[in-house]
Amino acid sequence: MSDEANTENHDARIVIRNLLHLEGSPYELAEDARRGLTSSPKWMPPKYFYDARGSELFERITAQPEYYQTSTELEILQRIAPLIVDRVRPTALIEFGSGSASKTRVLLDEMRRAGQLGAYGMLDVSEAASRAAAVALVATYPRLEVECVIADFEQPQPLPFPGRRRLLAFLGSTIGNFEVEAAQAFLRGPAERMRDDDAFLIGFDLVKDRETIERAYNDAAGVTEAFNRNLLMVLNRELGADFDPSAFDHKAFYNESASRIEMHLVAKRAQSVRVTDLDMTVEFAPGETLRTELSHKYTRRSVEALLEAGNLALDMWETDPDQKFALGLARRR
Ligand SMILES: C[S@@+](CC[C@H](N)C(=O)[O-])C[C@H]1O[C@@H](n2cnc3c(N)ncnc32)[C@H](O)[C@@H]1O
(Lines give C-alpha, C1' and ligand atoms only; values in the text may rest on other atoms or scores of the structure.)
Protein backbone atom coordinates (compact mmCIF):
# COMPACT_ATOMS: atom_id res chain seq x y z
CA MET A 1 0.00 0.00 0.00
CA SER A 2 1.18 3.49 -0.72
CA ASP A 3 1.65 4.52 2.92
CA GLU A 4 3.82 1.47 3.48
CA ALA A 5 6.13 1.61 0.48
CA ASN A 6 9.29 2.96 2.18
CA THR A 7 11.59 0.07 3.01
CA GLU A 8 14.61 2.12 4.11
CA ASN A 9 16.02 0.98 7.34
CA HIS A 10 18.74 2.31 9.64
CA ASP A 11 19.38 -0.49 12.12
CA ALA A 12 21.71 -3.20 10.85
CA ARG A 13 19.97 -5.79 13.02
CA ILE A 14 16.68 -5.29 11.16
CA VAL A 15 16.21 -6.59 7.63
CA ILE A 16 12.94 -5.70 5.91
CA ARG A 17 11.96 -7.52 2.73
CA ASN A 18 8.73 -6.43 1.07
CA LEU A 19 7.48 -9.19 -1.26
CA LEU A 20 3.89 -7.99 -1.49
CA HIS A 21 3.92 -6.61 -4.97
CA LEU A 22 6.16 -9.15 -6.65
CA GLU A 23 4.71 -10.98 -9.61
CA GLY A 24 2.58 -13.94 -8.54
CA SER A 25 1.85 -12.50 -5.09
CA PRO A 26 -1.75 -13.20 -4.06
CA TYR A 27 -1.85 -9.74 -2.44
CA GLU A 28 -3.73 -8.01 -5.24
CA LEU A 29 -6.33 -5.64 -3.87
CA ALA A 30 -7.69 -4.68 -7.31
CA GLU A 31 -8.20 -8.31 -8.41
CA ASP A 32 -9.63 -9.36 -5.06
CA ALA A 33 -11.98 -6.37 -4.94
CA ARG A 34 -13.22 -7.01 -8.46
CA ARG A 35 -13.89 -10.65 -7.62
CA GLY A 36 -15.35 -10.07 -4.17
CA LEU A 37 -17.55 -7.07 -4.99
CA THR A 38 -19.07 -8.81 -8.04
CA SER A 39 -19.74 -12.07 -6.13
CA SER A 40 -23.08 -12.91 -4.63
CA PRO A 41 -22.97 -12.58 -1.66
CA LYS A 42 -20.28 -9.89 -1.75
CA TRP A 43 -17.10 -10.44 0.25
CA MET A 44 -13.54 -9.20 0.76
CA PRO A 45 -10.49 -11.03 2.18
CA PRO A 46 -9.67 -9.79 5.71
CA LYS A 47 -5.99 -9.17 4.95
CA TYR A 48 -6.94 -5.76 3.50
CA PHE A 49 -8.05 -4.47 6.91
CA TYR A 50 -4.45 -4.06 7.94
CA ASP A 51 -3.18 -0.75 6.64
CA ALA A 52 -1.46 1.37 9.31
CA ARG A 53 -4.83 2.47 10.79
CA GLY A 54 -6.30 -1.04 10.63
CA SER A 55 -3.30 -2.46 12.51
CA GLU A 56 -3.70 0.24 15.18
CA LEU A 57 -7.41 -0.48 15.49
CA PHE A 58 -6.70 -4.21 15.85
CA GLU A 59 -4.33 -3.40 18.73
CA ARG A 60 -7.13 -1.44 20.38
CA ILE A 61 -9.52 -4.37 19.89
CA THR A 62 -7.14 -6.62 21.83
CA ALA A 63 -7.46 -4.25 24.82
CA GLN A 64 -11.29 -4.27 24.89
CA PRO A 65 -12.76 -6.08 27.92
CA GLU A 66 -15.04 -8.17 25.67
CA TYR A 67 -12.13 -9.44 23.56
CA TYR A 68 -11.12 -12.35 25.83
CA GLN A 69 -8.90 -13.94 23.17
CA THR A 70 -5.74 -11.86 23.72
CA SER A 71 -5.67 -11.88 27.52
CA THR A 72 -6.52 -15.60 27.65
CA GLU A 73 -3.88 -16.57 25.11
CA LEU A 74 -1.32 -14.40 26.93
CA GLU A 75 -2.09 -16.12 30.23
CA ILE A 76 -1.62 -19.60 28.68
CA LEU A 77 1.53 -18.46 26.93
CA GLN A 78 3.03 -17.12 30.17
CA ARG A 79 2.32 -20.44 31.85
CA ILE A 80 3.72 -22.71 29.15
CA ALA A 81 6.52 -20.67 27.53
CA PRO A 82 9.22 -22.28 29.74
CA LEU A 83 7.92 -25.74 28.83
CA ILE A 84 7.88 -24.97 25.12
CA VAL A 85 11.35 -23.47 25.08
CA ASP A 86 12.65 -26.41 27.10
CA ARG A 87 11.00 -28.92 24.77
CA VAL A 88 11.90 -27.30 21.43
CA ARG A 89 15.13 -25.46 22.35
CA PRO A 90 14.73 -22.97 19.50
CA THR A 91 17.33 -20.35 18.65
CA ALA A 92 14.97 -18.61 16.20
CA LEU A 93 11.32 -17.70 16.45
CA ILE A 94 9.36 -17.26 13.20
CA GLU A 95 5.90 -15.73 13.48
CA PHE A 96 3.10 -15.52 10.93
CA GLY A 97 0.78 -12.50 11.23
CA SER A 98 3.06 -11.07 13.92
CA GLY A 99 1.41 -7.60 14.07
CA SER A 100 2.72 -5.66 17.08
CA ALA A 101 4.42 -8.83 18.40
CA SER A 102 3.46 -7.90 21.94
CA LYS A 103 2.51 -11.42 23.09
CA THR A 104 5.56 -12.74 21.29
CA ARG A 105 7.76 -11.11 23.90
CA VAL A 106 6.79 -13.84 26.35
CA LEU A 107 8.50 -16.39 24.08
CA LEU A 108 11.47 -14.12 23.33
CA ASP A 109 11.98 -13.47 27.07
CA GLU A 110 11.95 -17.18 27.78
CA MET A 111 14.41 -17.90 24.95
CA ARG A 112 16.69 -15.19 26.35
CA ARG A 113 16.46 -16.67 29.86
CA ALA A 114 17.48 -20.02 28.39
CA GLY A 115 20.46 -18.33 26.65
CA GLN A 116 19.06 -19.27 23.23
CA LEU A 117 17.69 -16.07 21.78
CA GLY A 118 19.26 -15.45 18.38
CA ALA A 119 16.79 -14.42 15.72
CA TYR A 120 13.17 -13.45 15.14
CA GLY A 121 11.47 -13.62 11.75
CA MET A 122 8.16 -11.77 11.32
CA LEU A 123 5.84 -12.40 8.42
CA ASP A 124 2.99 -9.92 8.04
CA VAL A 125 1.20 -7.88 5.38
CA SER A 126 1.49 -4.70 7.43
CA GLU A 127 4.86 -3.03 6.93
CA ALA A 128 3.91 -0.20 9.30
CA ALA A 129 3.13 -2.60 12.17
CA SER A 130 6.14 -4.83 11.47
CA ARG A 131 8.59 -1.95 11.28
CA ALA A 132 7.35 -0.41 14.54
CA ALA A 133 7.50 -3.81 16.27
CA ALA A 134 11.00 -4.55 14.97
CA VAL A 135 12.39 -1.20 16.15
CA ALA A 136 10.92 -1.72 19.63
CA LEU A 137 12.21 -5.31 19.80
CA VAL A 138 15.84 -4.56 18.96
CA ALA A 139 15.78 -1.87 21.66
CA THR A 140 14.68 -4.48 24.22
CA TYR A 141 16.84 -7.39 23.01
CA PRO A 142 20.27 -5.95 22.14
CA ARG A 143 21.62 -9.03 20.36
CA LEU A 144 18.48 -10.02 18.49
CA GLU A 145 18.54 -10.23 14.69
CA VAL A 146 15.14 -9.39 13.18
CA GLU A 147 13.95 -10.21 9.67
CA CYS A 148 10.60 -8.74 8.59
CA VAL A 149 9.10 -10.44 5.59
CA ILE A 150 6.25 -8.27 4.33
CA ALA A 151 4.25 -10.85 2.44
CA ASP A 152 0.99 -12.69 2.20
CA PHE A 153 1.18 -15.86 4.28
CA GLU A 154 -1.26 -17.54 1.91
CA GLN A 155 1.71 -17.78 -0.44
CA PRO A 156 4.20 -20.36 0.90
CA GLN A 157 7.43 -18.50 1.72
CA PRO A 158 10.90 -19.85 2.46
CA LEU A 159 11.21 -19.73 6.26
CA PRO A 160 13.89 -17.32 7.52
CA PHE A 161 16.91 -18.57 9.46
CA PRO A 162 17.16 -22.07 7.94
CA GLY A 163 20.41 -22.79 9.81
CA ARG A 164 18.75 -22.51 13.22
CA ARG A 165 16.34 -24.67 15.22
CA ARG A 166 13.07 -22.83 14.80
CA LEU A 167 9.91 -22.36 16.74
CA LEU A 168 7.15 -21.21 14.38
CA ALA A 169 4.20 -19.31 15.84
CA PHE A 170 0.77 -18.31 14.57
CA LEU A 171 -0.99 -16.61 17.46
CA GLY A 172 -4.28 -14.81 18.03
CA SER A 173 -6.35 -17.56 16.34
CA THR A 174 -5.59 -15.80 13.05
CA ILE A 175 -5.75 -19.27 11.51
CA GLY A 176 -9.52 -19.04 12.10
CA ASN A 177 -9.77 -16.34 9.42
CA PHE A 178 -9.18 -18.93 6.71
CA GLU A 179 -11.93 -21.08 5.20
CA VAL A 180 -11.37 -24.67 6.41
CA GLU A 181 -9.65 -25.85 3.23
CA ALA A 182 -7.50 -22.74 3.00
CA ALA A 183 -6.34 -23.33 6.59
CA GLN A 184 -5.29 -26.85 5.65
CA ALA A 185 -3.47 -25.55 2.57
CA PHE A 186 -1.78 -22.84 4.62
CA LEU A 187 -0.45 -25.36 7.16
CA ARG A 188 1.03 -27.57 4.45
CA GLY A 189 3.37 -24.66 3.49
CA PRO A 190 5.28 -24.45 6.80
CA ALA A 191 4.92 -28.23 7.34
CA GLU A 192 6.86 -28.82 4.14
CA ARG A 193 9.57 -26.36 5.12
CA MET A 194 10.01 -27.32 8.78
CA ARG A 195 12.79 -29.64 9.85
CA ASP A 196 11.96 -32.55 12.15
CA ASP A 197 13.21 -30.71 15.23
CA ASP A 198 11.31 -27.48 14.43
CA ALA A 199 7.89 -26.99 16.06
CA PHE A 200 4.82 -24.87 15.31
CA LEU A 201 2.84 -23.13 18.09
CA ILE A 202 -0.69 -22.16 17.04
CA GLY A 203 -3.42 -20.27 18.93
CA PHE A 204 -7.01 -21.50 18.59
CA ASP A 205 -10.15 -19.76 19.83
CA LEU A 206 -12.41 -22.52 21.17
CA VAL A 207 -16.13 -23.22 20.64
CA LYS A 208 -18.09 -21.79 23.57
CA ASP A 209 -21.41 -20.09 24.32
CA ARG A 210 -22.71 -17.77 21.63
CA GLU A 211 -22.99 -14.75 23.92
CA THR A 212 -19.31 -14.69 24.90
CA ILE A 213 -18.20 -15.11 21.30
CA GLU A 214 -20.56 -12.52 19.85
CA ARG A 215 -19.72 -9.94 22.53
CA ALA A 216 -16.03 -10.17 21.58
CA TYR A 217 -16.85 -8.92 18.06
CA ASN A 218 -19.38 -6.29 19.17
CA ASP A 219 -17.45 -4.37 21.83
CA ALA A 220 -19.31 -1.55 23.57
CA ALA A 221 -16.66 1.04 22.63
CA GLY A 222 -17.27 0.35 18.93
CA VAL A 223 -13.63 -0.42 18.10
CA THR A 224 -14.41 -3.59 16.11
CA GLU A 225 -17.05 -1.62 14.26
CA ALA A 226 -14.45 1.03 13.32
CA PHE A 227 -12.02 -1.73 12.29
CA ASN A 228 -14.68 -3.26 10.06
CA ARG A 229 -15.52 0.07 8.41
CA ASN A 230 -11.81 0.78 7.88
CA LEU A 231 -11.91 -1.70 5.00
CA LEU A 232 -14.10 0.76 3.09
CA MET A 233 -11.56 3.54 3.71
CA VAL A 234 -8.84 1.26 2.30
CA LEU A 235 -10.97 0.68 -0.83
CA ASN A 236 -11.62 4.42 -1.13
CA ARG A 237 -7.95 5.35 -0.82
CA GLU A 238 -6.38 2.51 -2.80
CA LEU A 239 -8.93 2.05 -5.58
CA GLY A 240 -10.51 5.49 -5.81
CA ALA A 241 -13.86 4.19 -4.50
CA ASP A 242 -16.52 6.43 -2.97
CA PHE A 243 -17.94 4.24 -0.20
CA ASP A 244 -19.68 6.21 2.54
CA PRO A 245 -18.61 4.18 5.62
CA SER A 246 -21.45 5.68 7.69
CA ALA A 247 -23.96 4.18 5.23
CA PHE A 248 -23.04 0.66 6.42
CA ASP A 249 -23.80 -1.06 9.73
CA HIS A 250 -21.36 -3.39 11.47
CA LYS A 251 -22.77 -6.88 11.97
CA ALA A 252 -20.96 -9.84 13.57
CA PHE A 253 -22.79 -13.04 14.49
CA TYR A 254 -21.93 -16.62 15.40
CA ASN A 255 -22.87 -19.15 12.72
CA GLU A 256 -23.16 -22.17 14.96
CA SER A 257 -23.42 -24.83 12.26
CA ALA A 258 -20.13 -23.66 10.72
CA SER A 259 -18.57 -22.86 14.17
CA ARG A 260 -17.56 -19.41 13.03
CA ILE A 261 -18.08 -15.72 13.54
CA GLU A 262 -19.06 -13.93 10.36
CA MET A 263 -18.40 -10.24 10.18
CA HIS A 264 -20.28 -8.14 7.65
CA LEU A 265 -20.95 -4.56 6.59
CA VAL A 266 -24.65 -4.12 5.92
CA ALA A 267 -25.92 -1.41 3.54
CA LYS A 268 -28.36 0.84 5.46
CA ARG A 269 -30.06 1.85 2.22
CA ALA A 270 -29.79 1.25 -1.53
CA GLN A 271 -26.56 2.70 -2.84
CA SER A 272 -24.31 2.81 -5.89
CA VAL A 273 -20.60 2.87 -5.20
CA ARG A 274 -18.19 3.96 -7.88
CA VAL A 275 -14.79 2.20 -7.88
CA THR A 276 -12.82 4.41 -10.26
CA ASP A 277 -9.68 2.28 -10.60
CA LEU A 278 -11.76 -0.77 -11.52
CA ASP A 279 -14.02 1.28 -13.81
CA MET A 280 -16.92 -0.35 -12.02
CA THR A 281 -20.09 0.62 -10.17
CA VAL A 282 -21.20 -1.64 -7.34
CA GLU A 283 -24.89 -1.67 -6.41
CA PHE A 284 -26.06 -2.47 -2.88
CA ALA A 285 -29.70 -3.23 -2.11
CA PRO A 286 -30.96 -2.08 1.34
CA GLY A 287 -29.79 -4.69 3.89
CA GLU A 288 -27.34 -6.29 1.47
CA THR A 289 -24.12 -7.39 3.12
CA LEU A 290 -20.44 -7.36 2.30
CA ARG A 291 -18.73 -10.16 4.27
CA THR A 292 -15.40 -8.94 5.60
CA GLU A 293 -14.14 -11.65 7.96
CA LEU A 294 -14.63 -15.21 9.16
CA SER A 295 -13.30 -16.40 12.50
CA HIS A 296 -13.58 -20.13 13.06
CA LYS A 297 -13.87 -21.59 16.54
CA TYR A 298 -12.31 -24.97 17.34
CA THR A 299 -12.45 -28.05 19.52
CA ARG A 300 -9.45 -30.24 20.24
CA ARG A 301 -10.88 -32.76 17.83
CA SER A 302 -11.33 -30.24 14.99
CA VAL A 303 -7.78 -28.97 15.59
CA GLU A 304 -6.38 -32.51 15.35
CA ALA A 305 -8.23 -33.06 12.08
CA LEU A 306 -7.04 -29.71 10.72
CA LEU A 307 -3.42 -30.40 11.65
CA GLU A 308 -3.56 -33.85 10.14
CA ALA A 309 -4.82 -32.43 6.84
CA GLY A 310 -1.96 -29.90 7.07
CA ASN A 311 0.64 -32.69 7.51
CA LEU A 312 1.19 -31.80 11.15
CA ALA A 313 0.47 -33.62 14.42
CA LEU A 314 -0.34 -32.27 17.86
CA ASP A 315 2.52 -32.62 20.36
CA MET A 316 1.15 -30.48 23.19
CA TRP A 317 -2.26 -28.91 23.95
CA GLU A 318 -2.89 -26.31 26.65
CA THR A 319 -6.02 -24.35 27.48
CA ASP A 320 -7.09 -21.89 30.16
CA PRO A 321 -9.20 -23.30 33.02
CA ASP A 322 -12.44 -22.16 31.33
CA GLN A 323 -11.47 -23.72 27.99
CA LYS A 324 -11.90 -20.45 26.14
CA PHE A 325 -8.68 -20.58 24.14
CA ALA A 326 -5.98 -23.14 23.38
CA LEU A 327 -2.38 -23.24 22.29
CA GLY A 328 -1.34 -26.28 20.31
CA LEU A 329 2.25 -27.24 19.64
CA ALA A 330 2.55 -29.17 16.39
CA ARG A 331 5.31 -31.15 14.69
CA ARG A 332 5.70 -32.44 11.16
CA ARG A 333 4.03 -35.78 10.59
C1 LIG B 1 -5.81 -11.01 14.07
S2 LIG B 1 -4.29 -10.13 13.88
C3 LIG B 1 -3.26 -10.98 15.04
C4 LIG B 1 -2.05 -10.20 15.47
C5 LIG B 1 -1.17 -10.87 16.54
N6 LIG B 1 -0.52 -12.06 16.04
C7 LIG B 1 -2.00 -11.22 17.75
O8 LIG B 1 -2.05 -12.42 18.08
O9 LIG B 1 -2.56 -10.32 18.38
C10 LIG B 1 -3.77 -10.73 12.33
C11 LIG B 1 -2.37 -10.30 11.89
O12 LIG B 1 -2.05 -11.01 10.68
C13 LIG B 1 -1.72 -10.10 9.64
N14 LIG B 1 -2.31 -10.67 8.41
C15 LIG B 1 -3.62 -10.85 8.12
N16 LIG B 1 -3.76 -11.48 6.95
C17 LIG B 1 -2.50 -11.72 6.48
C18 LIG B 1 -1.97 -12.36 5.32
N19 LIG B 1 -2.78 -12.90 4.41
N20 LIG B 1 -0.63 -12.46 5.19
C21 LIG B 1 0.22 -11.93 6.13
N22 LIG B 1 -0.23 -11.29 7.25
C23 LIG B 1 -1.56 -11.20 7.42
C24 LIG B 1 -2.31 -8.76 10.03
O25 LIG B 1 -1.57 -7.68 9.51
C26 LIG B 1 -2.24 -8.84 11.57
O27 LIG B 1 -0.99 -8.37 12.04
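Observations on the model:
- Among the residues of the range 76-102, those identified as of a type outside the set (A, V, I, L, M, F, W, C), open to solvent by less than 40 Å² (accessible area, probe 1.4 Å) and under 23 Å from residue 49 (Cβ atoms) are 95, 97, 98, 99.
- Within the range 54-66, the residues that satisfy the criterion of being closer than 20 Å to residue 203 by Cβ, part of a helix (DSSP H, G or I) and of a type in the set (D, E, K, R) are 59, 60.
- Which listed residue is more than 12 Å from the ligand (Cβ to nearest atom), of a type outside the set (Ser, Thr, Tyr), at negative phi and part of a helix (DSSP H, G or I), from 78, 69: 78
- Selected residue (criterion: nearest to the ligand (Cβ to nearest atom)) from residues of the range 25-53 that are in a helix (DSSP H, G or I), among the hydrophobic types (A, V, I, L, M, F, W, C) and surrounded by 14 or more Cβ atoms within 10 Å (Cβ to Cβ): 49
- Taking the range 103-123 as the range and being without any contact (Cβ under 8 Å) to a residue 40 or more places away in the chain and either open to solvent by 10 Å² or more (accessible area, probe 1.4 Å) or not assigned by TED's automatic domain parsing to the domain that holds residue 204 (or both) as the test, the residues that pass are 105, 106, 109, 110, 112, 113, 114, 115, 116, 117.
- The set of residues in the range 294-316 that are closer than 21 Å to residue 45 by Cβ, in a loop (DSSP other than H, G, I, E, B) and of a type outside the set (Lys, Arg) contains only 310.
- Criterion violated by residue 20 - all others in (1) modelled with pLDDT under 95; (2) open to solvent by 60 Å² or more (accessible area, probe 1.4 Å); (3) assigned to a loop (DSSP other than H, G, I, E, B) satisfied: (2)
The values are calculated or read from the model by the stated rules, or taken from the named source; none is laboratory data. All of these numbers come straight from a predicted model, not from anything done at the bench. Counting neighbours? That spans all protein chains shown, and the Cβs are built from the backbone with ideal geometry, glycine included. SASA here: full protein model, heavy atoms, side chains in, ligands and nucleic acids out. Shrake-Rupley method; radii C 1.70, N 1.55, O 1.52, S 1.80 Å.
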